[in-house]
Amino acid sequence: MIWTIIVNDSPYGIEKPWNAFRLASTASSEGIKVNLFLMGDSIVSAKKGQSTPQGYYNMEKMLVALIKKGVDVKVCGACINARGLTIPELVDGSELGSMKILVNWISQSDKVINF
């Protein structure tokens, strides 16, 4: 089984990305192959060096844990360019994504989930 999870919202101030990452982690633990595509404001989740208050979730750390579990993470290239970020600023293991890659993932997936 392959799932593609698409995340659009900002990593902080709304819980959709946090819930998407939790779903990706649980699915991966259950043996489901997970592709995670970050686009729009969610690309900030992949920014290195996030500092959150003690006890508050940290999206960078969650993303690193997902990558270590084997989740494929792509970050929309047009979206990082629009926000002035570069690939070296993103967490290790995340990769440059594109609409073509997303279309390919979607066409090969058993489930597509959008947050």
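The values are calculated or read from the model by the stated rules, or taken from the named source; none is laboratory data. Every value quoted in this text rests on a predicted model; they were computed, and no experiment measured them. Cβ sites come from the backbone with ideal geometry, for glycine too, and all protein chains shown count toward neighbours. When the accessible area is computed, the model is the full protein with side chains, heavy atoms only, and any ligands, DNA or RNA have been set aside. Shrake-Rupley method; radii C 1.70, N 1.55, O 1.52, S 1.80 Å.
Table for the structure above
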read-out	value
Set of lysines with alpha-carbon distance to residue 33 below 17 Å, sequence-local pairs under 8 removed	68, 69, 74, 111
Accessible area of residue 99 in the full protein assembly, 1.4 Å probe (Å², nearest 10)	100 Å²
Under Karplus coefficients 6.51, -1.76 and 1.60, residue-wise ³J(HN,Hα) of the stretch 86-95 in Hz, glycine/proline x	10, 4, x, 7, 9, 4, 4, x, 7, 10
Accessible-area order (highest first, 1.4 angstrom probe) of the listed residues 74, 47	47, 74
Accessible area (Å², per residue) of the chain, counting only protein heavy atoms and a probe of 1.4 Å	52 Å²
Cα-based reach from residue 47 at 19 Å (exclusive), listing aspartates and glutamates while leaving out same-chain residues under 8 positions away	9, 15, 60, 72, 89, 92, 95
Most mobile of 87, 101, 14 in a GNM of the chain (Cα contacts under 10 Å)	14
Sum of -39500 (n - 2.57) over DSSP H runs of 4+, divided by residues of the chain (222 nm, nearest 500)	-10000 deg cm²/dmol
Full-stretch length increase - residue 23, residue 54 - with 0.36 nm per residue and alpha-carbon distance subtracted	8.9 nm
Per-residue ³J(HN,Hα) for the stretch 35-46, Karplus 6.51 cos²θ - 1.76 cosθ + 1.60, θ = phi - 60°, Hz, x for Gly and Pro	10, 10, 10, 9, 9, x, 5, 5, 4, 5, 4, 8
Ordering of 4-10, 107-113 by burial proxy (mean other Cβ atoms within 10 Å per residue, highest first)	4-10, 107-113
